[in-house]
């Protein structure tokens with residue numbers, strides 16, 4: 001039985017502008033950090049980086065840190081982190097060294113933060 005394109009969509013994929021559950025939790029954390037002055041600004045899915053021909057990477061969040069005004073790009077994952085996503089974030093970190101790339105992963109209810117280089 002062929003269910004067409006809908007059956008092939010990645011799990012967790014949401015319409016443009018809509019956050020999945022894990023991203024929404026990270027957004028709440030960022031909002032708290034904004035309120036206490038740890039960060040100056042954040043946005044969800046604000047940019048798409050071109051890694052190569054027909055290959056792009058869209059980080060989940062852009063964060064402007066305080067007080068140094070550095071730009072962090074956050075990737076947020078639940079328990080699964082597939083190889084293609086790992087490669088893309090590493091390639092992006094190498095190609096765009098003026099950004100700080102961070103991976104936030106939630107496993108078993110706890111968050112881990114990993115710098116990507």
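Please find, within the stretch 68-99, the residue that is modelled with the lowest pLDDT out of those that are buried (at least 17 other Cβ atoms within 10 Å of the Cβ) and assigned to a strand (DSSP E or B).
Top of the filtered list is 77.
Evaluate the stretch 75-86: report whether one residue or more is within 15 Å of residue 117 (Cβ to Cβ) and either in contact with a helix residue (DSSP H, G or I) (Cβ under 8 Å, 6 or more places away or on another chain) or without any contact (Cβ under 8 Å) to a residue 40 or more places away in the chain (or both).
The answer is yes, given that some residue of the stretch 75-86 is within 15 Å of residue 117 (Cβ to Cβ) and either in contact with a helix residue (DSSP H, G or I) (Cβ under 8 Å, 6 or more places away or on another chain) or without any contact (Cβ under 8 Å) to a residue 40 or more places away in the chain (or both).
Would you pick out the residues in the stretch 100-113 that are surrounded by 12 or more Cβ atoms within 10 Å (Cβ to Cβ), touching a strand residue (DSSP E or B) at 6+ places or on another chain (Cβ under 8 Å) and farther than 16 Å from residue 45 by Cα?
If the condition is that a residue be surrounded by 12 or more Cβ atoms within 10 Å (Cβ to Cβ), touching a strand residue (DSSP E or B) at 6+ places or on another chain (Cβ under 8 Å) and farther than 16 Å from residue 45 by Cα, then 105, 106, 111 are the ones that fit.
Being within 11 Å of the chain's Cα centre (by Cα) and part of a strand (DSSP E or B) is the filter; apply it to the stretch 44-61 and report the residue that is nearest to residue 96 (Cα to Cα).
57
Determine the pairs where a residue that is on the phi > 0 side of the Ramachandran plot, located within the stretch 44-72, has a partner that is part of a strand (DSSP E or B) and at pLDDT 95 or above with Cβ atoms under 8 Å apart, the partner being 6 or more residues away or on another chain.
Pairs found: 45/61; 69/40.
Working carefully through the options 43, 18, find the one that is modelled with pLDDT of 95 or more and surrounded by 10 or more Cβ atoms within 10 Å (Cβ to Cβ).
Only one candidate qualifies: 43.
Surrounded by 14 or more Cβ atoms within 10 Å (Cβ to Cβ), touching a residue at least 12 places away in the same chain (Cβ under 8 Å) and at positive phi: does that describe residue 26?
Values: surrounded by 14 or more Cβ atoms within 10 Å (Cβ to Cβ): yes; touching a residue at least 12 places away in the same chain (Cβ under 8 Å): yes; at positive phi: no.
No.
So how many residues does the stretch 45-74 have that are out of contact with any helix residue (DSSP H, G or I) (no Cβ under 6 Å at 6 or more places or on another chain) and over 25 Å from residue 28 (Cα atoms)? Don't jump to the end; show me each part of the working.
Step one: of the stretch 45-74, the residues out of contact with any helix residue (DSSP H, G or I) (no Cβ under 6 Å at 6 or more places or on another chain) are 45-48, 50, 52-56, 58-59, 61-74.
In the following step, the residues that additionally are over 25 Å from residue 28 (Cα atoms) were identified as 50, 52-56.
Final tally of qualifying residues: 6.
Take the residues in the stretch 101-112 that are more than 12 Å from the chain's Cα centre (by Cα) and part of a strand (DSSP E or B), then tell me which one is farthest from residue 54 (Cα to Cα).
110
The values are calculated or read from the model by the stated rules, or taken from the named source; none is laboratory data. Please read these numbers as outputs of a predicted model, since none were measured by experiment. Counting neighbours? That spans all protein chains shown, and the Cβs are built from the backbone with ideal geometry, glycine included.
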